[in-house]
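None of the figures in this text is laboratory data; all of them are computed from the coordinates on show. From a predicted model like this one, the values you see are computed outputs, not experimental measurements. Every residue, glycine as well, gets a Cβ built from its backbone with ideal geometry; the counts of neighbours run over all protein chains shown.
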Amino acid sequence: MNIAIAGAGYVGLASAVVLAHVGHQVVCVDVDEAKIEQLKKGPCPIHEPALPELMAENLSRLTFTTDYAVAYSNTDAIFIAVGTPEKADGSANLSYVFAVAEQIAASVTCDCVVIVKSTVPIGTNEKIEQHLKSHLKHDVTIEVVSNPEFLSQGTAIRDMLYGSRIVVGTESESARQVMANIYENLEQPVVFTDRRSAEMIKYASNDFLALKISYINEIANLCEVLGANVEDVARGMGMDPRIGDKFLRAGIGYGGSCFPKDTKALHWLGNFHDHELKTVKAAIEVNENQKLRLIKKARKYYDSFEGLIVAVLGLTFKPGTDDLREAPSLVNIPIMLDSGAKVKAFDPCGVEKFKRKVSGNIIYCDTPEETLKDADICFILTEWPEVLELQPVHFLTMKRPIILDGRNCYDPGGMEGYPLVYDSIGRTVVSYLD
Ligand SMILES: NC(=O)c1ccc[n+]([C@@H]2O[C@H](COP(=O)([O-])OP(=O)(O)OC[C@H]3O[C@@H](n4cnc5c(N)ncnc54)[C@H](O)[C@@H]3O)[C@@H](O)[C@H]2O)c1
């Protein structure tokens, strides 16, 4: 089939590459000229494992352009995969989605299916269809299908190739057939439903995962007070199939482009319809506090950051991506800088993006070892492999080896006997420092 995709971001690009891989002819459209130029010439503009390799394998079925009018004019299906960021009031900003709808309406010259992959509030697919129909320049039939995406950054290609399910919201038999054809070479269960339910599946899934993370983080904080070990607690809970062992890793909170905005957007929507989602509200509040957990812990060791050298290991919101959206580093590092710290930071992928967002007294280091040297305290914010590989002795080059681990990277037992402090999330503090 001929497919156009609006948006060459984490979702649009991964979708384009995977759909080309399963045999479709795909044109990927973006308004960002620099990104399209880079996609044509390389290297791949985003860091996502396996994406560059799969892209290189399928270049014969893949093109990139800023010329939306040509791309949308004569195609079987158009995916909308542009961003739906958070507005100041927490609701979803749909301006990019509707801008694409206008471009489609102005360009299509034959019947086609418009597939909304962006995460949009319940009822939006209907509005997009109305908008398209009222702006069409040619006498064509357009059907709008909801097809939310469930990939995770860092494993996007694997998630798309071997996902747990494909959700398709449509009440049209012909659109359903188009969707079945698009995905026929991906062996995944397809959940067919109406558009509103498909939109709700996406929000309900993301918000449930956010809730699960906030729940284990609250339990972890209580474990610290009561002397229990959250890793053992999570293991014991996770063996119950009714609970499951995923998303039970305690840490300094979730970040990224989805959970923060999708929890706020559904909470906003609930309030708008006079149905406050109290559990979702709690997940949001717990997460905001959890991001400051290490800052609070630091107060046990120093009254202030004034004059301290702080080693920060990890800037991105998780390993395997260069994405910084809602990363704990964006909250923690400005607090350190504002209170007079000098920061030494390590991240294998996120440094360039971080420099564009935060400035100040920061030295960027090429290795965790270099970062740790002479530091007064260390914050671990992302569990990159380079960080996981560190041994206790590597921390002994710090001026005072106080390790605050927001990702529970190491076994506290392995820290026993070394002249350091190892303070992680939901576990007993190891302290052999005078
Ligand atoms: N990132 C994820 O892990 C993930 C997972 C599931 C769902 N989603 C959802 O998918 C959507 C896209 O997320 P993302 O992370 O890929 O966003 P992104 O910010 O990485 O990419 C969006 C792209 O759309 C482009 N764009 C904006 N206006 C355009 C237009 N008129 N025409 C063509 N391109 C345009 C931007 O330049 C950008 O490159 C969001 O709704 C998000 O919630 C994201």
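For the pair residue 2 and residue 296 in one chain, pulling the backbone fully straight at 0.36 nm per residue adds 100.5 nm over the alpha carbon distance. Anisotropy class assigned to the chain is prolate, per the alpha carbon gyration tensor with a/c at or over the 1.5 cut-off and a/b larger than b/c.
As a calculated quantity, the FRET efficiency between residue 289 and residue 164 at R0 = 22 Å, using C-beta atoms, amounts to about 0.10. Pairs from the list 117/246; 246/357; 212/297 with a Cα-Cα gap above 27 Å: 246/357. Ordered by the number of other Cβ atoms lying within 10 Å of each residue's own Cβ, fewest first, 301, 432 fall into the sequence 432, 301. Seen against the Cα atoms of the chain and their longest principal axis, helix 259-272 is set at about 60 degrees.
Just check segment 228-304 against the gyration tensor rule for me: Cα atoms, a ≥ b ≥ c as the square roots of the eigenvalues, rounded for a/c under 1.5, and otherwise prolate or oblate depending on whether a/b exceeds b/c.
Details: a/c = 2.57, a/b = 1.20, b/c = 2.15.
Verdict is oblate for segment 228-304.
Listed cross-link partners 318/344; 87/137; 40/87 are compared with a 23 Å cut-off, the Cα-Cα value being larger for 87/137; 40/87.
For a Förster distance of 41 Å, can you work out the FRET efficiency between the beta-carbons of residue 373 and residue 226, rounded to the nearest 0.05? Result of the calculation: an efficiency of 0.65.
What is the calculated FRET efficiency for residue 246 to residue 272, with r their C-beta to C-beta distance and R₀ = 30 Å, to the nearest 0.05?
Details: r = 31 Å, r/R0 = 1.03.
The value I calculate is 0.45.
Taking all Cα pairs closer than 8 Å and separated by 6 or more residues, the relative contact order of segment 293-431 comes to 23 percent. Annotation: for a label point projected 7 angstrom from Cα along Cα→Cβ of residue 60, no residues of segment 144-166 have a backbone N closer than 20 Å. Please state the shape class of segment 321-376: rounded when a/c is under 1.5, otherwise prolate if a/b exceeds b/c and oblate if not, all from the C-alpha gyration tensor. Cα axes put segment 321-376 in the oblate bin.
If contacts are Cα pairs under 8 angstrom and at least 6 residues apart, what is the relative contact order of the chain in percent? Provide the component values of the computation, followed by the final result.
Numbers: 896 pairs, mean separation 50.0, N = 434.
Computed over the chain, the figure is 12 percent.
For the pair segment 62-133 and segment 380-407, the centres of their Cα atoms are 44 angstrom apart.
The loop-placed trypsin sites (Lys or Arg not before Pro) in segment 276-363, going by DSSP, that have at most 15 neighbouring Cβ atoms within 10 Å of their Cβ come out as 299, 300. Among 153, 391, 103, which one shows the biggest mean-square fluctuation in a GNM of the chain, springs joining Cα atoms closer than 10 Å? So, out of 153, 391, 103, the one fluctuating most is 391. How far is helix 329-338 tilted off the main Cα axis of the chain, in degrees rounded to 10, range 0 to 90? So the inclination is approximately 50 degrees. In terms of overall dimensions, segment 2-193 has a Cα radius of gyration and Dmax of 15.6, 44 angstrom. Over the chain, dividing the summed -39,500 (n - 2.57) contributions of all DSSP H runs of at least 4 residues by the number of residues returns a 222 nm mean residue ellipticity of -12000 deg cm²/dmol. Compared with the dominant Cα axis of the chain, that is its longest principal axis, helix 278-290 is turned about 50°.
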